[in-house]
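Asker: Let me begin by handing over the structure; questions about it come next.
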Amino acid sequence: TPDGAILIDTGCTQAMATEVQATIAKLTDQPIAYVINAHACGELSMSSASFDAPVIAHQACYQAIEKARAAAERDSRRGDGSRGDSARASAPRARDEVAPMPTVSFTEDGYLYVGGLLLELLHAPGQGEGSLAVHLPDEKVVFVGDVVNVDAYPIIQHGNAFRWRETLVRLRALGATRIVASRGRTASVEDLDR
């Protein structure tokens, strides 16, 4: 946008963040105005600290990061590296690598208007409770993170298959002509149906 770039998902390691930064530098010299975490898992927002911009996420992603931080703190106090309970299972692999807290979070849908571009931040539960889809209605594009896995079986880790189906129906109704998933090729409406 004229007011800066918007980054959707940053990866989960410093190496990934470095690669993303190098790719962005090839595309634009604009600063990143906002980072949007579309993933529900706190661990997948680890590298957002590498970007000097406000981080936007769903409230459930915020809570996942809080749980990961608490588990890392408990492990640190005990000197225990095990991952027994569900909170520790979602905690980062290294205790000193904990995702930063999002700057902005919300409980349902959100909207962001930057440089004349409207982004609808749609709560997309199912694969994970805090997943987001980022819809650019004027561009007919929707970024779906891990909500849609192209040419791969979906992973519903801390989610609900029934809510996931509702999310897929909602995404299909947007009328987007390009569906950008985290992995694989650009998805189509047929992929949502499948």
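The values are calculated or read from the model by the stated rules, or taken from the named source; none is laboratory data. Quantities reported herein were computed from a predicted structural model and do not represent experimental measurements. Positions of Cβ are backbone-derived with ideal geometry, glycine not excepted, and every protein chain shown enters the neighbour counts. The area values use the complete protein model at the heavy-atom level, side chains included, leaving out ligands, DNA and RNA. Shrake-Rupley method; radii C 1.70, N 1.55, O 1.52, S 1.80 Å.
Asker: If amide H atoms are built 1.01 Å from N in the plane of the peptide, which residues on other chains or at least 5 residues away come under 5 Å of the amide H of residue 3?
Answerer: Long-range HN contacts for residue 3: 115.
Asker: Would you mind getting me the FRET efficiency between residue 109 and residue 78? Use the beta-carbon distance for r and R0 = 41 Å, nearest 0.05.
Answerer: Computed FRET efficiency for residue 109 and residue 78 comes out at 0.55.
Asker: Could you please report the charge total around residue 33, scoring K, R as +1 and D, E as -1 over all other residues with beta-carbon less than 14 angstrom from its beta-carbon?
Answerer: Cβ neighbours under 14 Å give a net charge of -3.
Asker: Let me ask something additional. Per-residue HN-Hα couplings for the stretch 13-18, Karplus 6.51 cos²θ - 1.76 cosθ + 1.60 at θ = phi - 60°, whole Hz, x for Gly and Pro?
Answerer: Taking θ as phi minus 60°, the curve returns 9, 5, 4, 5, 4, 4 Hz for the stretch 13-18.
Asker: With θ set to phi - 60°, apply the Karplus curve 6.51 cos²θ - 1.76 cosθ + 1.60 along the stretch 119-128 and write out the HN-Hα couplings as whole Hz, x wherever there is a Gly or Pro.
Answerer: Each residue of the stretch 119-128 in turn: 10, 8, 9, 9, 4, 10, x, x, 5, x Hz.
Asker: Determine, for each peptide in 131-140, 101-110, 22-31, the mean count of other beta carbons within 10 angstrom over its residues, then list the peptides with the highest first.
Answerer: Output ranking for 131-140, 101-110, 22-31: 131-140, 101-110, 22-31.
Asker: Keeping all protein chains in the complex and leaving out DNA, RNA and ligands, what accessible area do you get for residue 114 with a 1.4 Å probe, in Å² to the nearest 10?
Answerer: Its accessible surface works out to 10 Å², give or take rounding.
Asker: Applying the Karplus parametrisation 6.51 cos²θ - 1.76 cosθ + 1.60 with θ = phi - 60° to the phi angles of the stretch 69-78, what ³J(HN,Hα) value in whole Hz is obtained for each residue in order, glycine and proline being reported as x?
Answerer: Couplings: 5, 5, 5, 5, 5, 4, 4, 5, 5, 8 Hz.
Asker: Continuing with this model, one more query. Which value, in Å² and to the nearest 10, is the accessible area of residue 62 when all protein chains are kept and the probe is 1.4 Å?
Answerer: Surface open to solvent at residue 62 totals about 60 Å².
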